[in-house]
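I have placed the structure first, in the form of structure tokens, so that the comments after it can refer back to it.
The values are calculated or read from the model by the stated rules, or taken from the named source; none is laboratory data. Quick caveat, the model's predicted, so the values are computed rather than measured. FYI the Cβ positions are ideal-geometry reconstructions off the backbone, even for glycines, and counts take in every protein chain you see.
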Amino acid sequence: MNFTLLFRHKYRKVAPGFLAIAVLSSVWLIGCADNVYGEPSSGVDPYATLQKRLIQDGFDRSFIRLLYSRPEAAFDQEGLTAYFSHREATLNYDQFLTRSSIDQAIDYLGQHQKAFKQTQSVYGVEEEVITAIILVESRLGTFIGKRLVLNTLSALAALDDKDSRDMLWHTYVRHKARGSRSQFDQWARRKSAWAYGELKAFLQHVKAQKVDPYSVYGSYAGALGIAQFVPSSVLRFAQDGNRDGRINLYDHEDAIESIANYLKQHGWRPGLKRHEAFRTLLNYNHSRYYAETILKVAERLRDLRPR
């Protein structure tokens, strides 16, 4: 299979129609003019400072300039506003505890039993816990998010620049989101520092795996794949579960083993008491609602699945 067909086959659920691996690989070698991408109507170039930072931190100048000149590049105002307005306590976690959701999770356990058995023997993480995480994170891999991870992280990282914050606030956020300008500025400065590190990790990941950066979709928080890992977690914890020589968190086997590795590295071991399991799950998502839901789903799976 040639590179183009390999890309379309491997990531067909993620980004049909995007550039092939062969095109991406050449990006690192091809120079280009310092042209800019489609910018907001205000005329402010929100990625100018970001590009300079990435180049100063060692990323290839030609690659960065071409990356942000591509037609897919955008400053995701809607996603940023949604993220700023996000409130974990308002999420409906009860939806994952319905009998319909539990039945779907039971079917998922059966479909991927080989991967679960292999993973549990190596990492000691119960298959019901991993399945519960996949259910909550991505509806068992059926909802991975619809936003380009590169655009999400780039837009967040660009909020380090005051002009970008001003532009976003005046043209979009103040009309759409809750919160004051001071709250927005505090949030933006904190998130931009985090996102810049995640953006660098993301670019390292796609280069290592020979993936087009504009082929990877995820949440408005920049999490990607069935496991919804942020890029720094991909670099640290992701595993090649199906042993095909590549890490692809849109493959179920890779996602299952990666979650198990993450939990083990954060202290999971067989026989954890419930409160110990709860604390460990808070590393995956800091929400207490989230951790409690994972444990409840896992408990129902143990009770209801056929043996």
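Details
- Boolean, Tyr83 is at pLDDT below 95, buried (at least 17 other Cβ atoms within 10 Å of the Cβ) and in a helix (DSSP H, G or I): yes
- Given (1) within 25 Å of Glu198 (Cβ to Cβ); (2) surrounded by fewer than 16 Cβ atoms within 10 Å (Cβ to Cβ); (3) of a type outside the set (Val, Ile, Thr), index of the condition Asp303 fails: (1)
- Flag for Val129 being assigned to a helix (DSSP H, G or I), touching a residue at least 40 places away in the same chain (Cβ under 8 Å), of a type outside the set (D, E, K, R) and in contact with a helix residue (DSSP H, G or I) (Cβ under 7 Å, 6 or more places away or on another chain): yes
- Matching residues in the stretch 236-249 - criterion: being within 11 Å of Gln209 (Cβ to Cβ), touching a residue at least 60 places away in the same chain (Cβ under 8 Å) and buried (at least 20 other Cβ atoms within 10 Å of the Cβ): Asn248
- Of the residues making up the stretch 198-234, those that are in a helix (DSSP H, G or I), over 25 Å from Ile133 (Cα atoms) and of a type outside the set (Phe, Trp, Tyr) are Lys200, Leu203, Gln204, Lys207, Ala208, Pro213.
- Residue list for the stretch 275-287, restricted to those being under 20 Å from the mean Cα position of the chain (by Cα), surrounded by fewer than 18 Cβ atoms within 10 Å (Cβ to Cβ) and at pLDDT 95 or above: Leu282, Asn283
- Of all residues in the stretch 124-144, none satisfies being loosely packed, with under 13 Cβ neighbours inside 10 Å and at pLDDT below 95.
- Qualifying positions in the stretch 142-163 - more than 23 Å from the chain's Cα centre (by Cα) and in contact (Cβ under 8 Å) with a residue 40 or more places away in the chain: Asp161, Asp163
- Criterion (farther than 25 Å from Thr49 by Cα and buried (at least 16 other Cβ atoms within 10 Å of the Cβ)) met by exactly one of Ala158, Ala177: Ala177
- Flag if Pro71 is part of a loop (DSSP other than H, G, I, E, B), crowded, with 19+ Cβ neighbours inside 10 Å and modelled with pLDDT of 50 or more: no
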